[in-house]
Amino acid sequence: MKGSDFFRHFFSMPVLLSAIFCLLFSGYVSANTNAHVNRVAKNGEPDFELPLCIHLFDDLEMQKKNVLMRNWVKPVDLQNIVLPEVNRIWSQAGIAFRIKSLSAVSIQGAPDRDSIIDYVVKAHRNSVGKSDPERIKKLLQLIDTDLEETNCIHVYLLPYLGETSQGNTRRKARRIFVASWTDKPSGARLPPEHVRLIEKGSFVDGSMARTLAHELGHLLGLKHPDKKTQAEYGLLMGGRMPAYTLRISEINSARNQAAALAEAFQQSAD
């Protein structure tokens, strides 16, 4: 092909239009991808801040594979280590959380206490990986939910939540359970061990802060991605190859829910 023919072919109308379209589309994607980042980063302040009421099971003991588990996480750990990491993760959506209260939960005198603890310790996932919902119903028997504030997200910290389970959310009740011990990294082959408070660097097997951030995602209406159709990876909401990222669609949805929740809390306070 001669030089003049080459340039005539290259700059032919269909090819030229395709090139222009690709440039415009890539710019559109880039602009939309960064839209929330720019808005969220404005003044370095979150657009929404939601209150957490944290309850620690102080006298709850659980035993599995000869390991006696007690809640070892202190209020100062939650305030100074866990919460800042949760807020770092959620800063991509312009959402932050603050600890409104920290309180101890006692199970002394709770009816059927031992049988409830035994059930939770033995709880495991079914054949498709779903955790046992009955264990949460039983745990609620240890809690006087009538004492819960209405304008708060309630987070209950207990030693263990069942085989390979680190967190659970009841969205309508605005209630989250998080464990301070886990056997998830080993697939329950090894005894439970302390959950690390935060995970520095790239995702390996998570942390308490990531679990809480993930469960807060559920509370804000986000779901696990479908592993069969998943096209994005490194996600906070799980799926294959999970990590810390929220998709743009998840950011939009979570922000809408955060706005509604903040308004509901404000109305309740008024």
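What follows is calculated from the coordinates using simple rules that are stated; it is not laboratory data. Remember, predicted model here, so these are calculated numbers, not experimental data. Neighbour counts run over all protein chains shown; Cβ positions are idealised from the backbone, glycine included.
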Going by amide H atoms built from the backbone, whose H comes under 5 Å of the H on Val155, apart from near neighbours?
Cys53, Ile54, His55, Ile176
Sequence-distant residues sharing a close amide H with Gln63 (under 5 Å, placed H)
Met69
Rg followed by Dmax, in Å, when the stretch 156-270 is reduced to its Cα trace
15.3, 51
Distance in nm between label sites at Thr229 and Glu49, each 7 Å beyond Cα in the beta-carbon direction?
3.9
